[in-house]
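Colleague: Mind having a look at this structure? Questions to follow.
Read-outs: derived from the displayed coordinates by stated rules, not from any lab. Just so we're clear, the structure is a prediction, and the values are computed from it rather than from any experiment. Counting neighbours? That spans all protein chains shown, and the Cβs are built from the backbone with ideal geometry, glycine included.
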Amino acid sequence: MSKKKIKLGILIQGPGGHMNSWKSDEVPADGSINLNHYIDVTQKAEQSGIDFVFIADGLHINEKSIPHFLNRFEPITLLSTLAAVTKHIGLVGTVSTTYSEPFNIARQFASLDSISGGRAGWNVVTTPLEGTASNFNKGNHPDHSLRYQMADEYLEVAKGLWDSWEDDAFVRNRKSGQFFEREKMHRLNHEGEFFKAQGPLNIERSKQGQPVIFQAGASKTGIAFAAKHGEAIFTNKATIESAQEYYRTLKEQAVENGRKRDDIAILPSLSPIIGATEAEAEERYNEIKNLISIEEALNYLGRYFDHFDFSQFPLDEAFPDIGDVGKNSFQSTTDEIKQMAKEENLTLREVALRVATPKGEFFGTYEQVAYKMMEWVDHDAADGFVIVMYVLGKQYDDFLNHVLPILEEKGYYNRSYEGDTLRENLGLPFIKNRYVKKASASI
Ligand SMILES: Cc1cc2nc3c(=O)[nH]c(=O)nc-3n(C[C@H](O)[C@H](O)[C@H](O)COP(=O)(O)O)c2cc1C
């Protein structure tokens with residue numbers, strides 16, 4: 001079997017992906033707003049050849065939100081700073097299509113893409129939390145399918161605006177006084193159901209043409225959206241079987257949309273818990289698990305269900321029947337949690353602790369985890385992974401120093417960057433400007 005190179009991203013959720021990672025003395029307690037911490041993590045990732053860093057985001061908090069969400073940087077601002085202290089690594093951030101305007105966001109990502117020399121990626125989300133509506137002038141929170149309809153039109157507009165200028169439109173000829181070629185400037189003139197944008201956008205295309213579109217749709221509507229627009233896809237899949245099913249469905253739907261299978265990279269999230277021995281890995285797991293109380297775990301669980309209050313139910317009885325709660329929020333995740341509770345006959349306490357600190361398949365020795373990663377990639381469950389360290393401290397160093405070398409030695413990983421742009425490093429095609437009819441657009 002030919003070996004696929006494993007693509008890797010690292011999610012920087014401030015001090016770490018665990019809700020109480022800030023309590024660990026391996027990371028700064030203010031890691032969510034500590035620029036040096038972000039720079040450290042990013043530069044380490046770049047030295048190890050990781051393809052991109054990823055900054056997630058949301059637009060609504062309350063007193064029950066996890067600590068990182070209460071006080072964190074806005075992604076594009078942060079990524080622009082990281083662009084200045086790195087050379088190769090991709091810079092990916094979340095922005096909502098439900099609570100922003102395509103012209104602004106197309107412009108901001110085009111700017112990040114140019115500032116970084118073609119390393120930008122946009123994680124397109126439709127925003128699950130209903131409370132977000134209270135922070136904007138847009139009326140009620142649109143329902144799940146309407147949000148995806150809006151996102152579809154939004155992306156058509158953003159992509160259209162990114163083609164406002166052909167790649168060689170700005171001639172800047174001092175002798176003749178010509179700054180740009182008029183016929184290489186294009187107006188989109190979009191007036192649709194949800195958005196209006198005449199264009200042109202006031203920034204040129206970057207070295208990679210357009211920023212890479214990341215997406216994490218998991219529901220039926222979400223998968224259809226990802227298959228149409230997504231180029232790098234995140235997913236939370238706990239087992240190789242569920243990841244394979246997702247992989248197959250998404251690639252098939254992408255092909256039905258006239259795309260090639262390789263035009264879309266599927267990157268499940270991976271939270272490694274590792275050690276030189278299994279006993280050491282178990283010790284590390286216990287350290288992470290002990291960062292959280294049961295009350296905090298209930299809050300964490302409730303957030304997926306639009307801040308539903310689970311504390312009203314007995315902890316040691318079967319997971320409660322809560323009907324459709326969660327359907328208009330993190331739909332696919334909440335469906336999976338309900339199903340898991342039912343199938344495994346779990347109590348509320350067990351569900352909350354498991355959701356807050358899942359042990360997952362990527363637990364064990366460095367070798368075991370490296371082999372597990374190779375197995376997923378060999379068996380069409382993944383093209384790579386987004387690493388979500390519970391705590392971005394010692395375990396992160398262990399992953400870079402002990403797991404990556406095994407992948408390298410086996411020919412599954414290459415720590416030198418193959419290309420200059422995020423697209424090249426993820427093996428994704430350059431997006432040609434729609435107005436350029438010739439086969440070879442100059443870049
Ligand atoms: C790895 C990963 C990262 C995500 N990051 C964000 C994020 O930063 N902001 C956000 O609002 N949603 C985020 N989501 C949620 C997705 O956007 C999406 O709402 C979720 O996967 C449910 O899919 P569905 O809307 O198709 O049901 C993320 C999901 C995954 C799996």
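Colleague: With a cut-off of 20 Å, note down the residues of segment 272-295 whose backbone N falls inside the zone around a label point 7 Å from the Cα of Leu315 toward its beta carbon.
Modeller: Residues 286-295 fall inside that zone.
Colleague: Mind ordering 119-132, 235-248, 296-309 by average Cβ neighbours within 10 Å, highest first?
Modeller: Ranking the peptides 119-132, 235-248, 296-309 by packing returns 119-132, 296-309, 235-248.
Colleague: With a 10 Å radius around each residue's Cβ, average the other Cβ atoms per peptide and rank 95-101, 176-182, 269-275, highest first.
Modeller: Sorting 95-101, 176-182, 269-275 by mean packing, highest first, produces 269-275, 95-101, 176-182.
Colleague: Over its Cα atoms, what ratio of radius of gyration to 2.2 N^0.38 Å does the chain give?
Modeller: Cα Rg divided by the expected 2.2 N^0.38 Å: 0.99.
Colleague: I've got another one for you. Pull out a ≥ b ≥ c, the square roots of the eigenvalues of the alpha-carbon gyration tensor of segment 84-200, then state rounded if a/c is under 1.5, prolate if not and a/b is larger than b/c, and oblate in the remaining case.
Modeller: It comes out oblate by the Cα gyration axes.
Colleague: With the chain treated as a Gaussian network of Cα nodes joined by springs under 10 Å, which of Ile322, Ile39, Ile387 yields the largest mean-square fluctuation?
Modeller: Fluctuation is largest for Ile322.
Colleague: Which net charge results for the neighbourhood of Pro15, defined as the other residues with beta-carbon distances under 9 angstrom from its beta-carbon, given Lys and Arg at +1 and Asp and Glu at -1?
Modeller: Taking every other residue near Pro15 into account, the sum is -1.
Colleague: Given +1 on the Cβ of Lys and Arg, -1 on the Cβ of Asp and Glu, and no further charges, what dipole in debye does segment 75-197 carry about its Cα centre, rounded to the nearest 20?
Modeller: Magnitude of the dipole: close to 660 debye.
Colleague: Additional query: Angle, helix 366-378 long axis vs. longest principal axis of the chain, Cα atoms, 0 to 90°, nearest 10?
Modeller: Between the helix axis and the principal axis of the chain, the angle is about 50 degrees.
Colleague: For the chain, what relative contact order do you get, as a whole percent, if you take Cα pairs closer than 8 Å and at least 6 residues apart?
Modeller: That works out to 23 percent.
Colleague: Sticking with this structure for a sec: May I ask what percent, to the nearest 5, of DSSP beta bridges between residues of the chain are antiparallel?
Modeller: If we restrict to bridges inside the chain, about 15 percent are antiparallel.
Colleague: Show that you can apply the helix-only estimate: for the chain, add -39,500 (n - 2.57) for every DSSP H stretch of four or more residues, divide by all residues, and state [θ] at 222 nm to the nearest 500.
Modeller: -11000 deg cm²/dmol
Colleague: Take Ser145, project a point 7 Å from its Cα along the Cβ direction, then tell me which residues of segment 212-226 have their backbone nitrogen under 17 Å from it.
Modeller: Flagged as within label range: 218-226.
Colleague: Which value, in debye to the nearest 20, describes the size of the charge dipole of segment 293-356 about its Cα centre when Lys and Arg Cβ atoms bear +1, Asp and Glu Cβ atoms bear -1, and nothing else is charged?
Modeller: 120
Colleague: With point charges of +1 on the Cβ of Lys and Arg and -1 on the Cβ of Asp and Glu, referenced to the Cα centre of the chain, which listed residue (Gly177, His18, Gly360) lies farthest in the positive direction of the dipole?
Modeller: Positive-most Cα among the choices belongs to Gly177.
Colleague: With N set to the residue count of segment 188-298, report its C-alpha Rg divided by 2.2 N^0.38 Å to two decimal places.
Modeller: 1.55
Colleague: Alpha carbon centre of segment 366-443 versus segment 214-255: separation in Å?
Modeller: Measuring centre to centre over Cα atoms gives 17 Å.
Colleague: Between Glu193 and Asn345, what length in nm is gained on full extension when 0.36 nm per residue of separation is reduced by their alpha carbon distance?
Modeller: 50.1 nm is the gain from fully extending Glu193 to Asn345.
Colleague: Taking the mean number of other Cβ atoms within 10 Å as a proxy for protection, how do you rank 57-67, 17-27 from highest to lowest?
Modeller: Result, highest mean Cβ count within 10 Å first: 17-27, 57-67.
Colleague: Then there is this: Using alpha-carbon pairs under 8 Å, 6+ residues apart, how would you state the relative contact order of segment 293-356 in percent?
Modeller: Relative CO of segment 293-356 lands at 44 percent.
Colleague: Evaluate the charge dipole of the chain about its Cα centre and quote only its size in Debye, nearest 20, assuming +1 on the Cβ of each Lys and Arg and -1 on the Cβ of each Asp and Glu.
Modeller: The dipole of the chain has a size of about 2000 debye.
Colleague: Over all directions, how big on average is the projection of the convex hull of the alpha-carbon atoms in segment 293-356, in square nanometres?
Modeller: 3.6
Colleague: Taking Cα centroids, how far is segment 147-190 from segment 32-99 in Å?
Modeller: When both Cα centres are located, 28 Å separates them.
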